[in-house]
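Some notes on the structure that comes next.
The values are calculated or read from the model by the stated rules, or taken from the named source; none is laboratory data. Keep in mind that what you see is a predicted model, and the values were worked out from it rather than measured. So basically every Cβ, Gly included, is an ideal-geometry build from the backbone, and we count neighbours across all protein chains shown.
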Amino acid sequence: MKTNIIQSITGGLVVVVAFIFAGMLVFNDVLPYLNGWKRITTIIVLVLYASYRFSRIYKDLKTNKQQNERI
């Protein structure tokens, strides 16, 4: 039970960091060597990964809630 909470918190931090870094790439020239298709691909991969991690966290929290209601 405790490890699920720690994994959820860590996953949430990963989601936040991925979205922040993708936002920085969209609005700022943080890494000058990322130009054109490389920059767009990096942004898309970061957003997709953050979405995937968020869906996993949501699913885990939902199953934990259902298990706690059964007890």
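What to note about this one:
- Filtered residues of the stretch 48-69 (kept if polar (S, T, N, Q) and free of Cβ contacts under 8 Å to residues at least 12 places away in the same chain): SER51, SER55, THR63, GLN66, GLN67, ASN68
- The sole residue among VAL15, VAL45 that is among the β-branched types (Val, Ile, Thr) and touching a helix residue (DSSP H, G or I) at 6+ places or on another chain (Cβ under 8 Å) is VAL15.
- The selection criterion, being surrounded by 11 or more Cβ atoms within 10 Å (Cβ to Cβ), among the β-branched types (Val, Ile, Thr) and modelled with pLDDT under 95, does not hold for THR3.
- Scanning the stretch 48-71 for residues that are of a type in the set (D, E, K, R) and in contact with a helix residue (DSSP H, G or I) (Cβ under 8 Å, 6 or more places away or on another chain) yields ARG53, ARG56, ASP60.
- SER8 being in contact with a helix residue (DSSP H, G or I) (Cβ under 9 Å, 6 or more places away or on another chain) and in contact (Cβ under 8 Å) with a residue 12 or more places away in the chain: yes
- Filter result for ILE9 (exposed (fewer than 12 other Cβ atoms within 10 Å of the Cβ) and at pLDDT 95 or above): no
- Residues that are assigned to a helix (DSSP H, G or I), over 30 Å from ASN64 (Cβ atoms) and aromatic (Phe, Trp, Tyr) within the stretch 1-48 comprise PHE27, TRP37, listed in sequence order.
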